[in-house]
């Protein structure tokens, strides 16, 4: 059994933990959890996340969303309000992966976790975390049956 197959199996099982989500959203979250647990991404204190996001948004040629840091909750690491162009991070530390998840929502302009969102998150991960991270995320998304554009599309530049 390949390592990718193992990650896919774990992601499918883990999706059951997201009972209040649609099946697509649950699988998306589970895949992201598996990849971040395996490869990790940089941690930012609540004081430094906005500075890093400014760098990301400048490279992506998008307006920096308003950043709000709130109390940690058990149900959500972060959220985005598309209408007010605001990202809310919960707790004292946020990972690059969590921040890019919310930026992907901003870029796509939707709260959903469909193929456009996943494609954008893989592209952002490739540009701002690592090619290895993005490749594993893409592979696990595909492995669980989520629709994805071909891998080379994630290297496209804006």
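Coordinate-derived values only; no laboratory data. Because the structure is a prediction, the values reported are computed rather than measured. Here the Cβ is made from the backbone with ideal geometry for all residues, glycine too, and neighbour counts use every protein chain on show.
Stretching residue 147 away from residue 74 to a fully extended chain increases their span by 23.4 nm, per 0.36 nm per residue minus the current alpha-carbon distance. In degrees between 0 and 90, to the nearest 10, how far off the longest principal axis of the chain does helix 115-128 point, with axes built from Cα atoms? Roughly 70 degrees between the two axes. In this rough spin-label picture, where each label sits 7 Å from Cα along the Cβ direction, the residue 18-residue 131 distance is 2.8 nm.
Relative contact order of region 1-46, please, whole-number percent, based on alpha carbon pairs below 8 angstrom and at least 6 residues apart. Working shown, then result.
Working: 20 pairs, mean separation 15.4, N = 46.
Averaging sequence separation for qualifying contacts and normalising by length gives 33 percent for region 1-46.
Neighbour counts of C-beta atoms inside 10 Å place 123, 90, 42 in the sequence 42, 90, 123, starting with the fewest. Calculated mean residue ellipticity, 222 nm, the chain: -16500 deg cm²/dmol, from DSSP H runs (n ≥ 4) at -39500 (n - 2.57) each, averaged per residue and rounded to 500. How far is helix 49-60 tilted off the main Cα axis of the chain, in degrees rounded to 10, range 0 to 90? That helix lies at roughly 70 degrees to the long axis.
Computed from label points 7 Å out along Cα-Cβ, the spacing between residue 66 and residue 46 is 1.7 nm. Computed from label points 7 Å out along Cα-Cβ, the spacing between residue 81 and residue 110 is 2.3 nm. For helix 96-108, report the angle its Cα long axis makes with the longest principal axis of the Cα atoms of the chain; keep it between 0 and 90° and round to the nearest 10°. With rounding to tens, the tilt is 80 degrees. Of all DSSP beta bridges located in the chain, what percent are antiparallel, nearest 5? Of those bridges, close to 60 percent are antiparallel. Exposure proxy ranking for 76, 84, based on other Cβ atoms within 10 angstrom of each Cβ and starting from the fewest, stands as 84, 76. For the chain, with a Gaussian network of springs between Cα atoms less than 10 Å apart, report the residue from 99, 11, 72 with the top mean-square fluctuation. Largest GNM mean-square fluctuation: 72.
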